[in-house]
1. If I ask for residues that are surrounded by 15 or more Cβ atoms within 10 Å (Cβ to Cβ), more than 18 Å from Ile36 (Cβ to Cβ) and aromatic (Phe, Trp, Tyr), which ones from segment 129-158 would you list?
2. Would you be able to tell me the number of residues in segment 151-168 that are among the hydrophobic types (A, V, I, L, M, F, W, C) and under 21 Å from Thr112 (Cβ atoms)?
3. Any idea which of (1) of a type outside the set (Lys, Arg); (2) over 18 Å from Ala101 (Cβ atoms); (3) modelled with pLDDT under 85 is the one Trp149 doesn't satisfy?
4. Can you find a residue that is surrounded by fewer than 18 Cβ atoms within 10 Å (Cβ to Cβ), without any contact (Cβ under 8 Å) to a residue 40 or more places away in the chain and closer than 23 Å to Pro39 by Cα anywhere in segment 159-182?
5. What is the number of the single condition among (1) modelled with pLDDT of 90 or more; (2) over 27 Å from Trp52 (Cβ atoms); (3) over 23 Å from the mean Cα position of the chain (by Cα); (4) not aliphatic (A, V, I, L, M) that Thr112 does not meet?
6. If the requirement is being farther than 30 Å from Ala15 by Cα and assigned to a helix (DSSP H, G or I), which of these qualifies: Leu167, Leu175, Leu133?
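The values are calculated or read from the model by the stated rules, or taken from the named source; none is laboratory data. Note that the coordinates shown come from a computational prediction; the quantities given were computed from them, not determined experimentally. Note that we place each Cβ from the backbone using ideal geometry, even for glycine, and neighbour counts take in every protein chain shown.
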Amino acid sequence: MWNYGMLPDDGQLIAKFSKHATIAGIVMTILGILAIVYPFSGALFTVAFVAWLMIFGGVMAGFATAKTNPKDWLGWLKAFILIVTGVLMIFMPGVGIQAIALILAIYFLMDTFAGFAMGSMMRPLKGWWLWTLNGVLSLILAIIFLTSWINVAQTAWLIGIFVGISLLFDGVVLLVMGNRFKKLASEK
């Protein structure tokens, strides 16, 4: 958790963080609400964001390969795959939506095993069942993503809702933290 002893004593720095956290919190909260209300648009935005990250990553991998070892065919292959995948996701967003859904399903399956493992390891302690509950919920989410994976509209709806909820909670947390840091800055 937060270690307030590690916070800087500079009131201006804390006030600046508070201001920017509040602005980011407002923007993320609005984007989260929009993604929840318009989940298909939220899914398309997510696919476009991931696609552009892949294209940028591919360009940077190609640049690094050209500057460090232009004969490294694996470096060029990595750059090519990233760029082509990003471009395909932009021009074929349905495939991008399905790819992201499959990645999320795999993540939730891995989180299921981790939750069950932590639950069994923590069994002698109080609250061990929360880890097991986390594993069960992750398993349910993985099954939901895997069963809807074929239907692009359902998958897009799920991705939009999940991204929206995540953005909404992140935005609220930033707003709360910005408010707490604002109070902390006024005390300094």
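1. Of everything in segment 129-158, those that are surrounded by 15 or more Cβ atoms within 10 Å (Cβ to Cβ), more than 18 Å from Ile36 (Cβ to Cβ) and aromatic (Phe, Trp, Tyr) turn out to be Trp131, Trp149.
2. So the first thing to find is which residues in segment 151-168 are among the hydrophobic types (A, V, I, L, M, F, W, C), and the list is 152-153, 156-159, 161-163, 165, 167-168.
Filter once more, so that each one left must be under 21 Å from Thr112 (Cβ atoms): 158-159, 161-163, 165.
Adding up the residues that qualify gives 6.
3. All conditions pass for Trp149, except number (2).
4. no
5. (3)
6. Working: Leu167 fails: farther than 30 Å from Ala15 by Cα; Leu175 fails: farther than 30 Å from Ala15 by Cα.
Going through Leu167, Leu175, Leu133 in turn, just one is farther than 30 Å from Ala15 by Cα and assigned to a helix (DSSP H, G or I): Leu133.
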